[in-house]
Amino acid sequence: MSLIKLVSSFTVLLCMTISCHSARKSENVSLSRIKNQLNLLSVNFKDAKAQTIDSGKDFVSVRSLNSDGSLKIVPSKDWCSGFYAGSLWLASDLTGDAGLQKLAREFTLPLENEKFNGVTHDMGFKMMSSFGQGYRLTKDSVYRDILIQSAKTLTTRFNEKIGAIRSWDHNQDKWQYPVIIDNMMNLELLFWASKQTGDQLYYNIAVKHAETTLANHFRADNSSFHVVDYDTLTGAVIKKNTHQGFSDSSAWSRGQAWGLYGYSMCYRETGIVSFLYQAEKIADFILNHPNLPADKIPYWDFDAPATPSRPRDVSAAAITASALYELARFVPQKKEFYIQNADQILRSLNNEYSSKSGENKGFLLGHSTGSFPHNSEIDVPINYADYYYLEALLRQVNFKKRNQ
Ligand code: GLY
């Protein structure tokens, strides 16, 4: 589809949205606001980076706001280092703006060294959001080579006996072989590499990881544990914990969203129906949960105590919306339900959770929660919320086009 067509269909869609749901005057997605905010972020990044010249660190991206309101910038090894570049790629796709694409290139390339970073599972987060989106839009062979090396590095974290990719190397006194639900997101890089190279190994590792996670991460109500720890000698599960949720037995909101997105994507890539059923079950858990607020933006944990100051997690909502547009393609009998919910999430994000022009240093959305138990990034803008919001907007446009 040409960009012009895409942008014009997006405009039509916005007009439709406005006329259907115009109870609120501000019911609008402004592509120029998105463009201006993302440009503002790049200016603020350059200012913030200039102040760190003596720190010895090579900062490459924006991540969030610090508690004093200043911009939090990160080096390439940070798990969030790719999302701002990714937002620029997605926004360039939505708007057709060449300046955004130029900026996207600028913020993508400094991540290249991560292709050799084998000490974390976060490879998919970092590289698919940046180089992956860049390759989708430009077919630049340099990006392709970097992605293939990244996938290769990620496979070194797979343990045959356990049948999963190790998530973290930290907290070795607590966990022997931690695998977190978030890790489902990194599998997309392996599926991509398998298709690009014809090497089945990437595919097999991704499928095995998804099967192992399906067997051990989910509870009877289809919510998921955050961390499952495995014994490296026997492959058996040692324990099930949380790291960022309210308690070991609670449903951490972003974890549920990662699971939903992860299994929808795994079904798209494999056609394995148990992955589709799991995605449907997770969607049911989230969308029918009694603690999901009417605006469909979850609190940071579905089981968090109902205090007046309980923060939301906009990032979980954005990931959920993006996943629902995907899942709706595969489940005709629930399509309407998924789309209504995804549309409602986007309406809430557009109307109630978006930064006003010039606000939040340029981030698009406020009110995400990174890690409540660590008192870190509570009720603030975070770059992955913006990234999945933009992806959801793009998927909404494409979905409506296909279903006109
Ligand atoms: N993958 C880390 C997080 O979701 O916070």
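The values are calculated or read from the model by the stated rules, or taken from the named source; none is laboratory data. Source: prediction; values computed, not measured. Cβ atoms come from the backbone with ideal geometry, glycine included; neighbour counts cover every protein chain shown. Just so you know, the surface numbers come from the protein's heavy atoms only, side chains and all, with ligands and any DNA or RNA stripped out. Shrake-Rupley method; radii C 1.70, N 1.55, O 1.52, S 1.80 Å.
Restricting attention to the stretch 336-369, which residues are in a loop (DSSP other than H, G, I, E, B) and more than 16 Å from the ligand (Cβ to nearest atom)?
Applying the first criterion (in a loop (DSSP other than H, G, I, E, B)) to the stretch 336-369 yields 353, 355-359, 363-364, 366-367.
Scanning the stretch 336-369 gives TYR353, SER355, LYS356, SER357, GLY358, GLU359, PHE363, LEU364, GLY366.
Against the definition (in contact with a Lys or Arg (Cβ under 9 Å, 6 or more places away or on another chain), of a type in the set (D, E, K, R) and farther than 26 Å from SER194 by Cα), how does ASP303 come out, yes or no? No.
Answer yes or no as to whether VAL237 is β-branched (Val, Ile, Thr) and within 16 Å of the ligand (Cβ to nearest atom).
Numbers: β-branched (Val, Ile, Thr): yes; within 16 Å of the ligand (Cβ to nearest atom): no.
So VAL237 fails the test.
For the stretch 97-116, the candidate set comprises residues that are open to solvent by 20 Å² or more (accessible area, probe 1.4 Å) and over 18 Å from LEU40 (Cα atoms); within that set, the residue that is farthest from the ligand (Cβ to nearest atom) is LEU109. Mind checking which residues of the stretch 370-388 are within 19 Å of SER87 (Cα to Cα), touching a Phe, Trp or Tyr at 6+ places or on another chain (Cβ under 6 Å) and within 11 Å of the ligand (Cβ to nearest atom)? Hit for the stretch 370-388 is TYR384, nothing else. Within the stretch 163-181, does at least one residue satisfy the condition of being part of a helix (DSSP H, G or I) and under 21 Å from ALA257 (Cα atoms)? Yes, the stretch 163-181 has at least one match. Residue pairs whose Cβ atoms lie under 9 Å apart, sitting 6 or more positions apart in sequence or on different chains, and linking a residue in the stretch 361-381 that is open to solvent by less than 10 Å² (accessible area, probe 1.4 Å) and hydrophobic (A, V, I, L, M, F, W, C) to a partner that is assigned to a strand (DSSP E or B) and near the ligand (Cβ under 10 Å from one of its atoms), are PHE363/ILE382; LEU365/ILE382.
Consider VAL119 carefully, then state whether it is over 20 Å from the mean Cα position of the chain (by Cα), within 16 Å of the ligand (Cβ to nearest atom), β-branched (Val, Ile, Thr) and open to solvent by 10 Å² or more (accessible area, probe 1.4 Å). Judged against the criteria, VAL119 is a match. State which residue is least open to solvent (accessible area, probe 1.4 Å) when the search covers only the stretch 60-93 and only residues that are more than 14 Å from the ligand (Cβ to nearest atom) and among the acidic types (Asp, Glu). Going through the qualifying residues, I end up with ASP93.
For first residues located in the stretch 90-109 and within 14 Å of LEU393 (Cβ to Cβ), partners that are of a type in the set (Asp, Glu) and lie 6+ apart or on another chain with Cβ distances below 8 Å form the pairs LEU90/GLU391; ALA91/ASP97.
Only one entry in ASP169, ASP221, ASP231, ASP173 is without any contact (Cβ under 8 Å) to a residue 40 or more places away in the chain, more than 25 Å from ALA392 (Cβ to Cβ) and out of contact with any Leu (no Cβ under 9 Å at 6 or more places or on another chain), namely ASP173. Residues in the stretch 185-236 that are farther than 18 Å from ILE282 by Cα, part of a helix (DSSP H, G or I) and either charged (D, E, K, R) or open to solvent by 20 Å² or more (accessible area, probe 1.4 Å) (or both): GLU188, TRP192, LYS195, GLN196, THR197, GLN200, LEU201, TYR203, ASN204, LYS208. If only one of ASN204, ASN117 is at negative phi and free of Cβ contacts under 8 Å to residues at least 12 places away in the same chain, which one is it? After applying the criteria, what remains is ASN204.
Provide a single number: the residues in the stretch 300-323 that are buried (at least 24 other Cβ atoms within 10 Å of the Cβ) and either more than 17 Å from the chain's Cα centre (by Cα) or outside any loop (DSSP other than H, G, I, E, B) (or both). Outline the logic, then answer.
Residues of the stretch 300-323 that are buried (at least 24 other Cβ atoms within 10 Å of the Cβ), as a first pass: 300-301, 313-323.
In the following step, the residues that additionally are either more than 17 Å from the chain's Cα centre (by Cα) or outside any loop (DSSP other than H, G, I, E, B) (or both) were identified as 301, 314-323.
Qualifying residue count for the region: 11.
Could we say that SER167 is in contact with a Lys or Arg (Cβ under 9 Å, 6 or more places away or on another chain) and either within 14 Å of HIS121 (Cβ to Cβ) or open to solvent by less than 10 Å² (accessible area, probe 1.4 Å) (or both) here? Yes: the conditions hold for SER167. LEU13 fulfils the conditions (1) of a type outside the set (Gly, Ala, Ser); (2) more than 16 Å from the ligand (Cβ to nearest atom); (3) modelled with pLDDT of 50 or more except for a single criterion, (3).
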